[in-house]
Structures are given as C-alpha cells and as structure tokens.
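Single-structure report; data block below.
No lab work stands behind these numbers, since they all come straight from the coordinates. Keep in mind the model is a prediction, meaning the values are calculated, not measured. Please note: Cβ atoms are built from the backbone with ideal geometry, for glycine as well, and neighbour counts cover all protein chains shown.
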Amino acid sequence: MVSVARPPANFDLETDVVVVGAGACGLTTGLRALEGGAEVVVLERDTRPTGSTSMSSGFIPAAGTRFQRAIGVVEMPGEFAADIQKKAAGEADPVIVKTVTEQIGPALEWLADTHGLEWQVLDDFRYPGHTKHRMHAVPEKIGAALIARLLAAAAAAGLTVVTDARVTTLHLTDEGQITGVSLTRPDGATESIACKAVVLACNGYGGNPELVAENIPEIAGAPYFGHPGNTGDAVLWGRELGAATKDLSAYQGHGSLAHPHAILITWALMMEGGIQVNAEGRRFSNEHAGHSEQSVTVLAQPGGIAWNIYDDRLHGIGMGFPDYREAIAAGAIRSGTDARALSAITGLPADALENTLMQMVAFCAGKAADPFGRDFTGKPMLSGRLHAVKVTGALFHTQGGLMIDARARVLRPDGTPLPNLYAGGGAACGVSGSRVEGYLSGNGLLTAVALGFVAGEMAAIQIKEHRF
Ligand SMILES: Cc1cc2nc3c(=O)[nH]c(=O)nc-3n(C[C@H](O)[C@H](O)[C@H](O)COP(=O)(O)OP(=O)(O)OC[C@H]3O[C@@H](n4cnc5c(N)ncnc54)[C@H](O)[C@@H]3O)c2cc1C
C-alpha cells in the first residue's frame, strides 16, 4: 500500500512541512512547527482524528514540571531516565531517553501556556517502575479528552488538519531529498503535496498482522487493542528509504483487557492491592512486575484469561477512571459478598479462591513471602465485598521503529540523517529496549508528545534556514 517514488511533474499543492498522522505526536508536531513559522499540513487517514491516543488512558509521564511541583514532587529528568532504563534493563537508546525525558516537561508546560491544555498529576497510585508521581493527565483522565483538547488547540491556532487523507507515497529525488507526498482519498482519488520536510507521526505496526508476526511472534494472534489504522507505514517507508530501524520486537502489551468486552481495566487496581488469579483460582505471577509483560503471562494461562480480584476500596479507586465506569455499564464487573459468593458468580473454584485469599492474609501481614516476589505489605488485605472481572492479554502498540537522533531526524544505518525526514511517537524507535518487559507505563505518549515537540521545532528551523 505504501511506496517511495520519483516526484510527479507537478504537485497539486505546496506547503513547508507535511505531518503524517493526527494523533498526539502529529498534532504536537504541527502546533510546534506552526509556531516556528512554517506552513504546515497534517494529513490524517481517518475521517475524524482519533489514533491510539484517543484509546489510551492519556497519562503522560514527565519530570520537573510545575504541575509536579504543585503536588510537592521535585525531580530531575535524569531520575525519570533512570527509571526508564531500569525497566528496559539498560537497553533503551540513551540519546532518545535523554531527549524525551528532558523535552517532555517543557512540552507539557508549552501545551498548557500556549495552547491551554490543563494538566493534573495523578497522586493516588504509581505504575510499576515509576519511583515518583509523574503521570500528567488532562482533567477528564482519558485519551479521548486529550485528543479533543489537542484538536481544539489546533483549530484555535489555525493548524491545517486534512482528514480522509491516507498518505501512500513519499516522493524523493535521486539524492534522497523528499520533495512531497501523495495521498489517497476514500473514493480512490489521489492528490499530491510538495513540501520541504516530512514528519512521520503515523505510529507503529500493531495494526499490521504480517509485521507483528515477523517481528514479535510471541504476541502474534493475540487481540490488538490499538488503532487499526496504524499499519506500519513508517517502517515500510523506512525500509525503502534505507533508514535504520531499532527494537522492532518491543511493544506495549497489557494483561488487563476485560474479556470479551475489550475495555481496559486500570492496573491501579493491582498496584493498590488487587490480585490476578487464573481459571483455577490460583495466582500465577507478580502483578507488580509490569502490566505490559503481564499480557503474555495472562495469555499463557488456561483459556488465555485471568480474573482481577479486588474489594470495595479498590472499586472506589477504579471509579475514578472513565473506562472502568464503562466496564461497569457493560456488565463486565461481577460482585459477591465473599469468596464463595464470587465463585458462584464467576465459576472460579471456591476452595482454590479461598485458599489464595488466605495465603494473601499472610503476605499482607508480612508473615510469609509471596513465591512470585510481590511485596504485599503496605497495602491493606482485601476485605468485605469482592469484585471480579475476567481479562485477557493484548497488544496495545509497538515500541520499535525508525532510528532517530536527538533532533528526531530519521537516521541511516551509518548514523547519518536523511536530509529532511523526521519521526516521532510510535513511528520512531521508543525507549523500551527490545522486550515487552522494557515498557515503562507512559513510554507511548512520552515519545509521542516529546518527539512531536522536537520534530516540529526542528522541521521549522530547517525550513527557516533554507528560506533565509
Ligand atoms: C488502550 C490503550 C491505553 C494506552 N494508555 C496509554 C497511557 O496512558 N499512556 C501512554 O503513554 N501511552 C498509552 N498508550 C499508548 C499510546 O496510546 C500511544 O503510544 C500513543 O497514542 C501514540 O501516539 P501517536 O501520535 O504516535 O499515534 P496515534 O495516536 O495512533 O496516531 C497516529 C495517527 O496516524 C494515522 N495514520 C497512520 N498511517 C497513516 C497514513 N499513511 N496517512 C495518514 N495518516 C495515517 C492514524 O490513523 C492515527 O490517527 C495506550 C495505548 C492503548 C491502546
């Protein structure tokens, strides 16, 4: 579907910067490049821009912002970078890690100051691997609101976002300079736009089963719960352009997708004291290791499912999340007065579930060690009315992609940049190393917003330098 070709004799339109994709990365890029004085066109294949951004929880980690300081958290980007590398076992590209951890704070403050986005820092729980409260969210605490606010900012700033415009072709000269793109409309009509720089913000290849099977066989065939339009176009173009790719086996999985409702059940339930049991009523893992790697662990259980078990206190925390409330409305959450009542509703073996909860009492009291290595002390034992939701593992988005430098320029295997091609978000190599375990929660929107901020600024500077 995508290709690289020589330029047509004439282009239909002309602009400075073309941005491919209108998710968090593309809209941030567009706003930043526009502010830098460039003429920008953002091209989006869908009729309405949503992307994986709108499906996400919308939580963006950042260190050193005034929003963080407002809740009494003081930290330097280096501390955040250390958490990223710890989760990635030191495998994450150090240049990209440094770039995104240093740029995300200024990017969020700029989105607030210049474009009116409001940020709150979540202080009621921390995801696995985060040593500080640093998740920033818009007040609605959901990705759909994040994209809505970015689109409102784009409209207010006069950013041109063209929808129903799938970019199919990058046009380039023999010297490798991109001179424009071609796009296809839903009715099959094509148009071409000349430009001086292109930013790929079209996310990864979660929606391309062949690329997933080729690069991440362990999750091939699992449910994909990201945006279906993310079909790996950036990587496919990169191959044709001779660009370097990195960490294509990395991805964000999730071990808590309500089944069969396909609604994300927040991992906060696990972090604050909940457990996962399999269909035999037994725990099978350390739930605090990470929700990403839990995708494959849950899929390896009988029937490829697990049950999240928690109590009223945790149910109260869940109620703070829009998707959790959606799960209630969909009938995904089952409740019972005690373990036996819950077993009757869920079909879980009552004796096994009771036994699991009995063991937990000892773990919470610090009288026995969890064989899976989770520290249960510090959180209360489950008590009173219990709740359960059947979940499965899923692929949320891919983390590998085009290799870039600190200016978000796409690189060749020898480390030199392609003349005028940038990438950010899921289109670029992420900061999770090469394995599912390497994904620190928030790595997705971190690179989308931070690299969009960088790519937009750098593309505008490049245009200016050429113009004057
Ligand atoms: C359920 C879920 C929850 C998540 N929660 C979080 C979270 O809380 N925090 C976090 O950091 N990350 C989270 N993520 C990951 C996060 O959503 C992504 O990493 C992030 O949205 C990527 O942003 P993006 O702009 O690169 O891609 P997207 O938002 O997917 O945007 C890419 C856009 O490009 C368009 N496109 C693709 N190809 C073309 C083409 N050829 N021409 C034109 N347009 C094209 C697509 O239609 C799409 O609109 C979550 C993901 C999921 C699925």
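Figures for the structure shown
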{"read-out": "Axial C-alpha extent at least 20 Å, average Kyte-Doolittle at least 0.5 - helices from the chain (DSSP)", "value": "143-157, 350-364, 443-467"}
{"read-out": "Anchor Lys367: aspartates and glutamates whose Cα lies under 19 Å away (excluding residues fewer than 8 positions away in-chain)", "value": "Glu354, Asp375"}
{"read-out": "Dipole axis of the chain (+1 Lys, Arg; -1 Asp, Glu on Cβ), positive-most option in Ala408, Ala70, Met381", "value": "Met381"}
{"read-out": "Whole-number D in µm² s⁻¹ for region 56-104, Kirkwood Cα-pair radius fed into Stokes-Einstein, 10 °C, 1.306 mPa s", "value": "138 µm²/s"}
{"read-out": "Cα-centred dipole magnitude for the chain, charges only on beta-carbon of K, R (+1) and D, E (-1), debye, nearest 20", "value": "660 debye"}
{"read-out": "Given charges at Cβ of Lys, Arg, Asp, Glu: region 334-468 dipole, positive-most of Leu445, Cys429, Val391", "value": "Leu445"}
{"read-out": "Global form of region 136-253, assessed from the alpha-carbon gyration tensor, a/c cut-off 1.5", "value": "oblate"}
{"read-out": "Global form of region 37-157, assessed from the alpha-carbon gyration tensor, a/c cut-off 1.5", "value": "prolate"}
{"read-out": "FRET efficiency estimate (nearest 0.05) - Cβ-Cβ, Ala155 to Met358, R0 41 angstrom", "value": "0.10"}
{"read-out": "FRET efficiency, Glu91 to Ala189 (Cβ-Cβ, R0 60 Å, nearest 0.05)", "value": "0.85"}
{"read-out": "Size descriptor, Kirkwood hydrodynamic radius, that averages inverse alpha-carbon separations across the chain, Å", "value": "22.7 Å"}
{"read-out": "Long pairs among Lys141/Lys379; Lys132/Lys464; Lys86/Lys390; Lys86/Lys464, criterion Cα-Cα beyond 29 Å", "value": "Lys132/Lys464; Lys86/Lys390; Lys86/Lys464"}
{"read-out": "The chain, helix-only ellipticity at 222 nm - DSSP H runs n ≥ 4, -39,500 (n - 2.57), divided by all residues, nearest 500", "value": "-10000 deg cm²/dmol"}
{"read-out": "Residues Thr337 and Ile305, FRET efficiency given R0 of 25 Å [Cβ-Cβ distance, rounded to 0.05]", "value": "0.60"}
{"read-out": "C-alpha center-to-center spacing [region 58-125, region 146-217] in angstrom", "value": "27 Å"}
{"read-out": "DSSP bridge pairs, the chain: antiparallel proportion in percent, nearest 5", "value": "65 percent"}
